[in-house]
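Just so it is clear, none of the values below were taken in a lab; they were calculated from the coordinates. Model, not experiment: these values are computed from the prediction. All Cβ positions, glycine included, derive from the backbone under ideal geometry; neighbour counts span all protein chains shown.
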Amino acid sequence: MLSAVVLHALAALAVASGVLVFVVDSMARATFSLLTSLLCVAGVVIGLGLDYLGVVTVLMMTIEMAVMAVFMIMYMMNPAGLMPMTMVHNTRGSAVLCGLLFVLLVTGVLLIPWPEPRGRPPRDATRELGMSLMGPQMLTMMTLGMALFATIVSGVVLAVRGGRYDRRGDGLDAGREPGPSRGDVGG
Amino acid sequence: MAEATSLWAVVALPPVLVVAAATVAAVDARPGTGGVAGTGREVLRLLVQQRRSTNASDRLLLRGGVILLPMAALLAAAVVPFGFTSVSDLPDGVVWFNAMEALAWAAVWLTGWGPNSALSMIGGYRFLAQGLAYEIPHMLALTTAALGAESLRVGAIVDAQAGLWFALWMPVSFVVYLASALAMAFWGPFDQPVGSDAAGGAGVELSGVDRVLFLGGRRLLLTVAAAVSVPLFLGGGHGPLLPGWAWTLVKTAAVVALLLWVRRRLPVLRMERWTAVSWMVLTPLAIAQALLVALVVLGR
């Protein structure tokens with residue numbers, strides 16, 4: 001009973017702070033409303049017995065939102081990011097789209113034939129969830145993850161101008177020149 | 001095996017940690033500021049001081065950040081066993097500690113951003129840069145300790161060290177952990193986020209109770225980070241003769257003393273230099289250490 005109340009309160013808080021993201025007039029507040037919303041979702045996940053996933057959500061979303069704060073404020077519409085600004089564009093169109101999507105989702109929730117719970121909840125729900133999501137494809141997904149990560153790193157290496165390989169040649173054996181940013185190891 | 005605790009431990013944890021952090025602060029006070037009495041006087045003075053406010057500050061985010069820092073440290077301490085008993089020996093204790101310590105990123109950035117002041121904001125951004133620098137090898141060090149015990153539960157990691165301490169056969173992870181403990185509390189060589197070259201960085205505009213919470217929270221975080229190294233790498237409460245809680249105290253005090261000594265001996269390290277060292281030197285070393293431990297665990 002108590003856990004049901006807590007879960008519903010967290011869910012309501014998650015939605016409310018999600019709405020705040022579009023109501024507040026500062027990038028910083030929008031970012032941290034979103035973080036609040038995601039932390040509430042993490043609480044709901046923990047409440048459902050998936051404590052590992054919940055705690056990892058807290059970890060990842062906190063770091064992600066902190067980094068996001070940097071990028072949002074650096075690169076968004078208002079160059080300074082410091083002044084009050086509106087968080088929404090095309091208000092009417094997006095309201096219509098959101099409304100339609102919400103109706104679609106709610107219809108889905110109400111119409112779908114949910115399975116009846118059978119047996120007892122597993123001892124390690126996280127493991128069971130992972131197995132049912134990935135199953136025999138675990139190795140494929142791990143490899144895919146590494147491939148994606150390698151792509152990101154190579155993308156950055158290719159995109160950076162004035163990096164080590166530009167300044168010192170492909171074998172890193174050309175003369176030593178100071179880089180555009182401080183802090184290079186081995187030039 | 002870590003035992004479950006009663007409610008009193010939950011109530012006792014915050015004051016105990018605050019006393020510990022205050023002791024750290026008093027021991028570490030600059031000469032001429034009066035040691036324990038001087039620190040106490042300064043805290044009392046700040047507590048009754050009226051808070052300054054800056055023009056167009058974001059008070060909500062500022063207060064949020066200032067309160068979040070000590071909160072994060074206290075929540076992180078929930079999984080630290082005192083002897084063999086912790087407030088909550090969560091099945092994912094290591095991840096919990098990591099997540100709570102990550103909340104400090106948000107806390108420092110918010111505190112830096114809130115007052116609408118340039119130097120303060122620079123401090124906040126510095127901490128994010130520092131966070132990105134230390135976090136990767138730090139996570140690898142935590143992973144290695146969990147790998148050695150084949151469990152994310154802090155109690156199980158302590159149990160796995162009944163014989164050999166992890167610090168002895170995972171020295172790289174231990175050193176990396178200690179360095180990141182300093183970095184996460186922006187302390188000593190990593191104090192650029194509140195550096196005097198930026199007039200106090202993220203804390204420059206703080207006054208009154210805000211200042212006590214923020215700078216006190218930082219010392220709490222340092223104390224908790226030092227305390228976590230004991231169950232992860234130094235065998236927790238295991239040791240001859242003395243009971244578990246005494247060993248925890250002795251070992252934590254030794255780690256804190258080491259960190260304070262490092263602060264006196266090392267110059268301040270800029271975060272971009274630390275990023276380079278951390279990503280190009282420490283990360284490969286930490287991965288090699290994790291690989292070694294994984295091979296040992298597989299071979300057992």
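Observations, loosely collected:
- Model label sites at B:Asn55 and B:Leu291, defined 7 Å from Cα along the beta-carbon direction, differ in position by 5.7 nm.
- For the range A:1-87, the relative contact order comes to 34 percent (Cα pairs under 8 Å, sequence separation of at least 6).
- Per-pair calculated FRET efficiency, R0 = 51 Å: A:Ala174 and A:His8 via Cβ, rounded to 0.05: 0.20
- Computed from the C-beta positions of A:Arg127 and A:Ala147 and an R0 of 30 Å, the FRET efficiency is 0.75 to the nearest 0.05.
- For chain B, the longest principal axis of the C-alpha atoms and the axis of helix B:118-149 are separated by about 10°.
- Per residue Cα convex hull volume in Å³ - calculated over the range A:1-87: 68 Å³
- The calculated FRET efficiency for B:Ala129 paired with A:Glu116, based on their beta-carbon distance and R0 = 60 Å, is about 0.70.
- Calculated [θ] (222 nm, deg cm²/dmol) that DSSP helices of n ≥ 4 give over chain B, each run adding -39,500 (n - 2.57): -23000 deg cm²/dmol
- Fully extending the segment from B:Thr283 to B:Leu258, taken as 0.36 nm per residue of separation minus the present Cα-Cα distance, adds 6.7 nm.
- In the protein assembly as shown, taking the dipole from charged Cβ atoms about the Cα centre, the farthest positive-side position among B:Gly35, B:Gly131, B:Leu164 is held by B:Gly35.
- Principal-axis analysis of the Cα atoms of chain B puts helix B:7-28 at an angle of about 70° to the longest axis.
- Approximate spin-label separation B:Ala26-B:Arg265, in nm, with each point projected 7 Å along Cα-to-Cβ: 2.6 nm
- Only helices reaching 18 angstrom along their own axis (Cα) with mean Kyte-Doolittle hydropathy no lower than -1.0 count here, and for the DSSP H runs of chain A these are A:2-23, A:27-47, A:51-75, A:91-111, A:138-159.
- In the range B:1-133, one over the average inverse separation of all distinct C-alpha pairs is 17.1 Å, which is the Kirkwood hydrodynamic radius.
- Using the Karplus relation 6.51 cos²θ - 1.76 cosθ + 1.60 with θ = phi - 60°, the per-residue 3J(HN,Hα) values for the range B:245-260 come to 5, 5, 5, 4, 4, 4, 5, 4, 4, 5, 5, 4, 4, 4, 5, 5 Hz, with x marking Gly and Pro.
- Cα-based Rg and Dmax for chain B, where Dmax is the largest Cα-Cα distance (Å): 19.0, 63
- Relative contact order of chain A: 15 percent, from C-alpha pairs under 8 Å at least 6 residues apart in sequence.
- Neighbouring partner chain Cβ atoms per residue of B:97-108, average, 10 Å criterion: 5
- Take each residue of peptide A:50-61, count the partner chain Cβ atoms within 10 Å of its Cβ, and average: the result is 5.
- Sequence ranges B:37-44, B:218-225, A:113-120, A:139-146, ranked by mean other-Cβ count within 10 angstrom, highest first: B:218-225, B:37-44, A:139-146, A:113-120
- Report note on the peptides B:86-96, A:51-61: ranked by the mean count of other C-beta atoms within 10 Å, highest first, their order is B:86-96, A:51-61.
- Relative contact order [Cα under 8 Å, 6+ residues apart], the range B:7-299, whole percent: 26 percent
- Pairwise centroid distance, computed over Cα atoms, of the range B:41-82 with the range B:141-200, Å: 24 Å
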